[in-house]
1. Compute a Gaussian network model of the chain, connecting alpha carbons closer than 10 Å, and tell me which residue from Ala164, Ala132, Ala217 fluctuates the most.
2. Classify segment 54-194: rounded, prolate or oblate, from the alpha-carbon gyration tensor (a ≥ b ≥ c, eigenvalue square roots; a/c under 1.5 rounded; otherwise prolate if a/b is larger than b/c)?
3. To the nearest 20 debye, what is the magnitude of the charge dipole of segment 124-277 about its Cα centre, counting +1 on the Cβ of each Lys and Arg and -1 on the Cβ of each Asp and Glu?
4. At what distance in angstrom do the alpha carbon centres of segment 242-267 and segment 16-64 lie from each other?
5. So what's the Cα pair-distance distribution over segment 4-118, bin width 10 Å, in %?
6. Would you mind telling me which residue in Leu79, Leu39, Leu171 has the biggest mean-square fluctuation in a Gaussian network model of the chain, where springs connect alpha carbons within a distance under 10 angstrom?
7. Distance from a point 7 Å along Cα→Cβ of Ala164 to each backbone N in segment 257-275: keep the residues under 16 Å and list them by number.
8. Rank the residues Thr112, Thr12, Thr258, Thr125 as a footprinting-exposure proxy: fewest other Cβ atoms within 10 Å of their Cβ go first.
Amino acid sequence: MSDVLYINGRYTTTDERVIGVEDRGFQFGDAVYEVFKFLGKRPIYLSEHYRRMANGLSEIEIRVPWEEAQFGEVVRELLARTKFDDGIVYTQVTRGESERKHLYPDDLTPTTVMYSRAFTFPDATKKARGIALITADDLRWKHCNVKSVNLLANAIAKKKAQRAGADEVLLLDDGLVREAASSSFFGVRNGGVITHPLDEHILPGVVRDRVVSLALANHIRVDERPLRELELFDLDEAFITSTTQGVMPVSSIDGRATRRGDITEKLQRLFDDDEARALV
């Protein structure tokens, strides 16, 4: 079944091929993307996702094509046309289309794409079992705070994980733990959580930020600092966070077993409750 597609102000389906060959998103990866979750055709954390997208576009000097209210209207129309109730919406904004050369004109009209897709979110069994991680060198560019479509390093790392029988890759940079290839990483030690601070080395994860806020509101200590690689195997618990995975325990890192402990389980419950309240 084809998915509903929004492209530059009109609605069609993903069966239609719509991007020009000289669009800079295609030629240069000159674009920002966003993914958010919806349940019962109601988007979750929509304002937070919009702000992250707008910040990323501004960071690389692409005009933000929607005001927040306009963005919400497009999302709701897209979901009204969608034939399933639960899934994700993928949004991409490129700098636009022009003659292929590195130096781009300043007055390009952004290309805007948005489509819905069905998605099976983790069930209780998966949330208890968790996922396996391996570690790999962080080969990404130096502005990881921008949710860029330049994901080649991430994709290669994820393939490495698959071939090793793992689910996700934890990216290491000169002995420091940054984040995972498509998720944020948290360690737990002595009843508190440790996660990388918001800077150019990691993506400002929407779920990451909610979990940090929930932890603090429930008297769980949060230490925002880079973990050293050597600390990974001195953790009591570990988990990742993302839009599609929520709060997901880590069952092993490079083959060494970890477990879902009390802090991870508590944050899972708190986040699930928060997500339910966030339906708009």
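1. Ala217
2. Numbers: a/c = 2.09, a/b = 1.34, b/c = 1.56.
Verdict is oblate for segment 54-194.
3. Working: 23 positive and 24 negative charges, 102 e Å.
Computed about the Cα centre, the dipole is about 480 debye.
4. 28
5. 14, 46, 32, 8, 1
6. Residue with maximal mean-square fluctuation among Leu79, Leu39, Leu171: Leu39.
7. Only 257-258 pass the distance filter.
8. Details: Thr112 18, Thr12 13, Thr258 23, Thr125 7.
Ascending Cβ contact count within 10 Å gives the list Thr125, Thr12, Thr112, Thr258.
A short reminder: the numbers here are calculations on the coordinates, not readings from a lab. On a predicted model such as this, the values are computed, not experimentally measured, just so you know. Please note: Cβ atoms are built from the backbone with ideal geometry, for glycine as well, and neighbour counts cover all protein chains shown.
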